[in-house]
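Data block below; observations after.
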Amino acid sequence: MSRAVEVFWLPLVFLAVTLLGGVRIADRLVFLRPPLSALVLAVLLLAALVRCGAFAPQRLMNPARSALQNLSGVTVLATMFAATVQAFNSVIPESGLPRLIIVVFLFVLLLNTLAASTDRTHVLRSTAVILGSMFVLKYIVLAALSDPAGGWLKRVLLGALEGVTLGTVAQEPFGLGTGYVAFVTLALFLGGLAILPRRDSGSRRALVDAGPGALREAQ
Amino acid sequence: MRDDVVRAIGLAVAGSCFGAIVWVYSRQPQTLAEASGALSATIGVYRIDEQAFADGLRFFRADQFAAARLAFDRADQAHQDPRTQFYIAYSYYREGWGRVYVDKELYARGLAAVDRAIAAAPRGRIVVDDADLQMHSGDELKAELETGVQASTEVNPLTVVRRHRK
């Protein structure tokens with residue numbers, strides 16, 4: 001990972017996610033603070049990313065680096081945590097039964113990801129699927145159900161869920177712009193995760209270093 | 001460029017961005033004018049448009065409350081001046097008070113304005129020295145507005161005998 005990525009790009013991408021993750025556009029602009037559950041979910045995701053090697057904090061903070069280098073490593077870690085919290089803040093519904101169900105669902109899903117501890121690609125793909133599906137659920141399905149005007153999707157969903165009252169699932173309707181902001185936020189977040197310093201695949205290295213002489217002999 | 005210098009610049013940029021984000025989430029500015037006004041109020045250099053404030057005060061004293069609020073809003077676009085926000089809240093109070101009813105919606109807006117005034121005032125204490133007003137402090141005005149908002153009904157003939165604090 002280059003110095004510019006570590007010092008500028010990663011912190012700025014994650015700070016952009018931190019800023020945008022709580023933005024809700026209604027009759028006025030609201031900067032929604034994250035719920036406590038988002039912090040717990042962020043810790044779980046961070047742990048899963050470290051465990052699978054998608055993020056290697058030891059490459060950013062270790063005794064071989066200078067104090068300033070370690071401090072930039074801490075900045076990347078801190079901004080990444082803040083961004084993760086805000087990414088969850090943007091996809092968790094604001095109130096009611098959906099909020100409870102989705103928080104529990106995400107908690108179990110992330111615990112499962114953490115326990116499975118698969119490789120980097122799988123965990124990143126899984127994170128994209130989790131956040132993407134939560135985005136669709138909140139900004140398309142729940143938004144359609146909460147729409148006071150009621151579009152075609154609301155009629156289809158109401159037809160499918162015949163007999164179910166919407167009192168417990170309806171959310172406070174936000175402006176259309178909120179969904180676009182959330183989409184950009186999640187895209188930035190996933191992009192940031194993809195360029196994080198990853199763990200070297202040590203298991204693929206030779207156990208004994210052949211040294212430069214071995215190469216000359218082979219030639 | 002030297003590694004230390006680049007990293008120090010990166011840390012400074014990230015630190016100031018993070019500070020700005022925390023500030024935005026705590027102050028909740030709605031517009032760019034509000035954001036820049038709140039920022040200048042934080043460092044103590046915020047000034048209102050005195051001419052617009054004087055216009056607002058003239059309308060307020062003539063009981064033209066909607067016009068007064070427009071002028072006050074123009075004077076204090078960032079909603080950071082306690083005195084202007086106090087007058088805006090007072091205008092909602094006076095307009096919302098009827099002989100046998102109170103307009104809860106106007107009272108609620110007044111409550112929001114007086115909350116802004118209290119939040120912007122040093123140590124939350126606001127006192128306006130205006131002989132034309134019966135209430136001079138933000139606390140008195142807030143209590144009156146809260147009483148109106150919390151009333152069980154908007155229409156109450158008993159308020160005929162209740163004192164209106166002009």
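The values are calculated or read from the model by the stated rules, or taken from the named source; none is laboratory data. Note that the coordinates shown come from a computational prediction; the quantities given were computed from them, not determined experimentally. Note: ideal-geometry Cβ built from the backbone for every residue, glycine included; neighbour counts use all protein chains shown.
For B:Arg58, indicate whether it is more than 14 Å from chain A (Cβ to nearest Cβ), in a helix (DSSP H, G or I) and either out of contact with any Lys or Arg (no Cβ under 7 Å at 6 or more places or on another chain) or touching a residue at least 12 places away in the same chain (Cβ under 8 Å) (or both). I'd like the intermediate steps shown before the answer.
On the way: more than 14 Å from chain A (Cβ to nearest Cβ): yes; in a helix (DSSP H, G or I): yes; either out of contact with any Lys or Arg (no Cβ under 7 Å at 6 or more places or on another chain) or touching a residue at least 12 places away in the same chain (Cβ under 8 Å) (or both): yes.
Considered against the rule, which asks whether it is more than 14 Å from chain A (Cβ to nearest Cβ), in a helix (DSSP H, G or I) and either out of contact with any Lys or Arg (no Cβ under 7 Å at 6 or more places or on another chain) or touching a residue at least 12 places away in the same chain (Cβ under 8 Å) (or both), B:Arg58 comes out as yes.
Looking across the stretch A:26-39 at every residue that is within 8 Å of chain B (Cβ to nearest Cβ) and among the aliphatic types (A, V, I, L, M), the one that is farthest from A:Ala87 (Cα to Cα) is identified as A:Leu29.
Annotation: B:Asp3 fulfils all but one of (1) among the acidic types (Asp, Glu); (2) under 22 Å from A:Val76 (Cβ atoms); (3) buried (at least 18 other Cβ atoms within 10 Å of the Cβ); the unmet one is (3). For B:Gly37, indicate whether it is surrounded by 14 or more Cβ atoms within 10 Å (Cβ to Cβ), among the small types (Gly, Ala, Ser) and more than 17 Å from A:Val30 (Cα to Cα). Spelling it out, B:Gly37 is indeed surrounded by 14 or more Cβ atoms within 10 Å (Cβ to Cβ), among the small types (Gly, Ala, Ser) and more than 17 Å from A:Val30 (Cα to Cα).
Return yes or no: is A:Phe81 surrounded by fewer than 21 Cβ atoms within 10 Å (Cβ to Cβ), in contact with a strand residue (DSSP E or B) (Cβ under 7 Å, 6 or more places away or on another chain) and of a type outside the set (Val, Ile, Thr)?
no
Here's a check for you: in the stretch B:7-17, which residue that is aliphatic (A, V, I, L, M) and surrounded by 17 or more Cβ atoms within 10 Å (Cβ to Cβ) is farthest from the other protein chains (Cβ to nearest Cβ)? In this case the residue turns out to be B:Leu11.
Scoring A:Val74 on the criteria (1) within 11 Å of another protein chain (Cβ to nearest Cβ); (2) of a type in the set (A, V, I, L, M); (3) more than 19 Å from the chain's Cα centre (by Cα) leaves a single failure, condition (3).
Within the stretch B:77-95, being touching a His at 6+ places or on another chain (Cβ under 9 Å) and either among the acidic types (Asp, Glu) or modelled with pLDDT under 90 (or both) holds for no residue.
So which of A:Ala16, A:Ala47 is crowded, with 18+ Cβ neighbours inside 10 Å, modelled with pLDDT of 90 or more and in contact with a helix residue (DSSP H, G or I) (Cβ under 7 Å, 6 or more places away or on another chain)?
A:Ala16
B:Gln51 satisfies every condition listed in (1) closer than 24 Å to A:Phe14 by Cα; (2) modelled with pLDDT of 80 or more; (3) in a helix (DSSP H, G or I) except (1). Every condition in (1) closer than 25 Å to A:Val23 by Cα; (2) within 10 Å of chain A (Cβ to nearest Cβ) holds for B:Ser36 except the one numbered (2). Screening A:Leu15 against (1) at the interface with chain B (Cβ under 9 Å from one of its Cβ atoms); (2) farther than 30 Å from B:Thr31 by Cα leaves a single unmet condition, (2).
Just one of (1) loosely packed, with under 14 Cβ neighbours inside 10 Å; (2) at pLDDT below 85 fails for A:Val104. It is (2). For the stretch A:40-70, the set of residues classified as more than 21 Å from A:Val17 (Cβ to Cβ), assigned to a helix (DSSP H, G or I) and within 14 Å of chain B (Cβ to nearest Cβ) consists of A:Ala67, A:Leu68, A:Gln69, A:Asn70, listed by residue number. The single residue among B:Asp81, B:Asp76, B:Asp4, B:Asp49 that is within 14 Å of chain A (Cβ to nearest Cβ), among the acidic types (Asp, Glu) and either in contact with a helix residue (DSSP H, G or I) (Cβ under 7 Å, 6 or more places away or on another chain) or under 30 Å from A:Asn70 (Cα atoms) (or both) turns out to be B:Asp4. The set of residues in the stretch B:96-116 that are among the small types (Gly, Ala, Ser) and in contact with a His (Cβ under 9 Å, 6 or more places away or on another chain) contains only B:Ala113.
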